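Enquirer: Following this message is one structure expressed as structure tokens.
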Amino acid sequence: MLIVMSSTATADHVRGVCERVRELGLTPNEIPGAVRVAIGVTGNKGALDPALFNRLPGVQEAVAVSKPWKLVSREVKPDDTVIDVRGVKIGGGALVVMAGPCSVESREQVISTARHVREQGASILRGGAFKPRTSPYDFQGLREEGLALLAEARDATGMPIITEVKDTETLPAVAEVADILQIGARNMQNFSLLEAVGALGKPVMLKRGIASTVNEWLMAAEYIVSRGNYQVMLCERGIRTFETLTRNTLDLGIVPIVRGITHLPIVVDPSHGTGVARAVGPMTRAAAATGVDGIIVEVHPSPSKALSDGPQALTFEMFTELMGDVRKVAAALGQPLG
Ligand code: PEP
Ligand code: MN
């Protein structure tokens, strides 16, 4: 149920409606929005009767929400969510490029990459410190040392940092450094982690699970938002299909659909979405052509020596060329680079 307040509703009216919702054993969620005040009601098992709220002071109308995920839906919040990360706006109409290595490996590696991608127009630095690897024998990340190097790279370049948080135990340490907390594909349905980042209130990028439907993905986002954190962006990073020539199948077809049903910003990751460096450029261009809010790509000074995801990493030269193309695609759509 969505309760839309009238334009003349006062703060007392809003409080009164929230109280009534609580009396019914339900949860009121005030929806941030520039245009109007609205209250999303969650916690009901079956359909609610709009008559319960329609005649409360200040209420314009109460309407049922048809989707299983409520707070992330456009029905509840028609205007796009814009996330401000140290002045970089994601979801505000610009195309934001996030780039950097898969894993932080050394000071020299991360700072040289940060400088290069910044120079070419990227505005957010990516880099994993705690890595969720398929094999326990693979490089697991530099952990706390990796976080400290990311903080140094931010100081050196002024770029905000996105880095993965892989469990609730390390969340406090990661949240201290990260400007955006990345929830990886393998953790999309780690509900304790979703609840914890929801309570924390920092920007979150939620990657789509390896074999998750859009409905499951949006339900996972709803876990975060229902804890009061609206600063959530979604990231399409490819799904598992029968195809083996690519690491994953980048599901670009869902981008316009997701755009229509949720107000959350959408980012595409062509690096994990293909797993093949020479496919990353073309699929980044394709992703940009869908009008997404962000692109996240892996770049490494020497991909053949990378400790994780070398086969999909772009060299500095490849990234430079790619950014030239991304600028052209974004300009064709009238979209500035963020
Ligand atoms: C990553 O971004 O390096 C990563 C591990 O991504 P994903 O969770 O999409 O596999
Ligand atoms: Mn990676």
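The values are calculated or read from the model by the stated rules, or taken from the named source; none is laboratory data. These figures come from a predicted structure and were not determined experimentally. Neighbour counts are summed over all protein chains in view; Cβ atoms, including those assigned to glycine, are modelled from backbone coordinates with ideal geometry. Protein only, heavy atoms only, side chains kept; ligands, DNA and RNA dropped before computing areas. Shrake-Rupley method; radii C 1.70, N 1.55, O 1.52, S 1.80 Å.
Enquirer: Taking Cα atoms of region 2-63, Rg/Rh with Kirkwood Rh, to two decimals?
Expert: On the way: Rg = 10.6 Å, Rh = 11.5 Å.
Reported Rg/Rh (Cα atoms, Kirkwood Rh): 0.92.
Enquirer: Follow-up question, since we're still on this one. Can you pull the one-decimal nm distance between simple spin-label points at T213 and T249, each 7 Å off the Cα toward Cβ?
Expert: The answer from the label model is 1.6 nm.
Enquirer: Let me check against my output: what whole-number percent is the relative contact order of region 2-63, with C-alpha pairs under 8 Å and at least 6 apart? Walk me through the numbers before you get to the answer.
Expert: Values: 94 pairs, mean separation 29.3, N = 62.
It comes to 47 percent, rounded to a whole number.
Enquirer: At 1.4 Å probe radius, can you tell me the per residue accessible area of region 83-332 in Å²?
Expert: Values: 9370 Å² over 250 residues.
That works out to 37 Å² for each residue.
Enquirer: Do the sum for the chain: with -39,500 (n - 2.57) for every DSSP H run of n ≥ 4, divided by all residues, what is the mean residue ellipticity at 222 nm, to the nearest 500 deg cm²/dmol?
Expert: Values: 11 runs with 117 residues, N = 338.
Calculated at 222 nm, the ellipticity per residue is -10500 deg cm²/dmol.
Enquirer: For region 113-170, run through the GluC sites (Glu not before Pro) and keep only the ones in DSSP coil with at most 12 other Cβ atoms within 10 Å of their Cβ. Let's see the in-between values first.
Expert: Values: sites: E119, E144, E145, E152, E164, E169; in loops: E169.
Passing both the DSSP loop test and the Cβ count: E169.
Enquirer: Which one of G46, G238, G291 has the biggest mean-square fluctuation once the chain is modelled by GNM with Cα springs under 10 Å?
Expert: Comparing G46, G238, G291 in a Gaussian network model of the chain, the most mobile one is G46.
Enquirer: Quick one: which residues, 5+ away or cross-chain, put their amide H under 5 Å from the amide H of T42? H built at 1.01 Å from N.
Expert: The list, which skips near neighbours in sequence, is T27, N29.
Enquirer: Starting from the amide H of V232, placed 1.01 Å from N in the peptide plane, find each other amide H under 5 Å away whose residue is 5 or more places distant or on another chain.
Expert: Excluding prolines and chain starts, which carry no amide H, the hits are V204.
Enquirer: Within region 193-264, report the chymotrypsin sites (Phe, Trp or Tyr not before Pro) that DSSP leaves as loop and that have at most 12 other Cβ atoms within 10 Å.
Expert: On the way: sites: W217, Y223, Y230, F242; in loops: Y230, F242.
Sites meeting the loop and neighbour criteria: F242.
Enquirer: Right, here's the next one. Using 0.36 nm times the number of residues separating R107 and E19, minus their current alpha carbon distance, what extension gain do you get? Working shown, then result.
Expert: Details: separation 88, 0.36 × 88 = 31.68 nm, distance 5.27 nm.
Length gained, R107 through E19: 26.4 nm.
Enquirer: What number results when the radius of gyration of region 1-106, computed over Cα atoms, is divided by 2.2 N^0.38 Å?
Expert: Values: Rg = 17.8 Å, N = 106, 2.2 N^0.38 = 12.9 Å.
Dividing the Cα Rg of region 1-106 by 2.2 N^0.38 Å gives 1.38.
Enquirer: For region 83-332, what ratio Rg/Rh do Cα atoms give with a Kirkwood hydrodynamic radius?
Expert: Working: Rg = 16.3 Å, Rh = 17.6 Å.
Ratio of gyration radius to Kirkwood radius: 0.92.
Enquirer: Of the beta bridges DSSP finds with both residues in region 123-229, what % are antiparallel, to the nearest 5?
Expert: Numbers: 0 of 8 bridges.
Here the antiparallel bridges make up roughly 0 percent for region 123-229.
Enquirer: Sticking with this one: Mind giving me the FRET efficiency for T170 and A289? R0 is 30 Å, r the Cβ-Cβ distance, nearest 0.05 is fine.
Expert: Values: r = 37 Å, r/R0 = 1.23.
Efficiency, from the Cβ-Cβ distance: 0.20.
Enquirer: Can you give me the long-range amide H partners of V37? Hydrogens built in the peptide plane at 1.01 Å from N, cutoff under 5 Å, separation of 5 or more residues or another chain.
Expert: M5
Enquirer: Something else about it: Could you calculate the contour length gain from E317 to D79, that is, 0.36 nm times the residue separation minus the distance between their Cα atoms, to one decimal place in nm? It would help to have the intermediate numbers written out before the result.
Expert: On the way: separation 238, 0.36 × 238 = 85.68 nm, distance 3.82 nm.
That works out to 81.9 nm of additional length.
Enquirer: Please list, in order along region 142-151, the HN-Hα scalar couplings obtained from phi with the Karplus expression 6.51 cos²θ - 1.76 cosθ + 1.60 (θ = phi - 60°), rounded to whole Hz, x for Gly and Pro.
Expert: My calculation for region 142-151 gives 7, 6, 4, 5, x, 4, 5, 5, 5, 4 Hz in order.
Enquirer: How many nm is it between the label spots at Y137 and F242, if each spot is 7 Å from the Cα in line with the beta carbon?
Expert: Taking the two extended label points, one gets 3.2 nm.
Enquirer: Each residue of region 224-240 in order: what ³J(HN,Hα) in whole Hz does its phi give by Karplus 6.51 cos²θ - 1.76 cosθ + 1.60, θ = phi - 60°, with x for Gly and Pro?
Expert: Once θ is set to phi - 60°, the couplings for region 224-240 become 6, 5, 5, 8, x, 9, 8, 8, 10, 10, 9, 10, 7, 10, x, 10, 7 Hz.
Enquirer: Kindly write out, for region 197-206 in residue order, the coupling ³J(HN,Hα) from the Karplus curve 6.51 cos²θ - 1.76 cosθ + 1.60 (θ = phi - 60°), rounded to whole Hz, with x marking Gly and Pro.
Expert: Result, rounded to whole Hz: 6, x, 6, 6, x, 8, x, 10, 10, 9.
Enquirer: A further question on this structure: Could you identify which residue out of V21, V297, V117 has the top mean-square fluctuation in a GNM of the chain using Cα springs shorter than 10 Å?
Expert: V21
Enquirer: Continuing with the same structure: For all pairs of alpha-carbon atoms in region 57-151, what percent lies in each bin of width 10 Å, listed from the first bin to the last filled one?
Expert: Over region 57-151, the share of Cα pairs per 10 Å bin runs 14, 27, 24, 20, 10, 5, 0 percent.
Enquirer: Count the DSSP beta bridges whose two residues both fall in region 83-332, then state the antiparallel fraction as a percent rounded to the nearest 5.
Expert: Numbers: 4 of 30 bridges.
Taking every DSSP beta bridge within region 83-332, about 15 percent pair in antiparallel fashion.
Enquirer: Taking the dipole about the Cα centre of the chain, with the C-beta of Lys and Arg at +1 and of Asp and Glu at -1, give me whichever of A62, V37, G338 is farthest to the positive side.
Expert: A62
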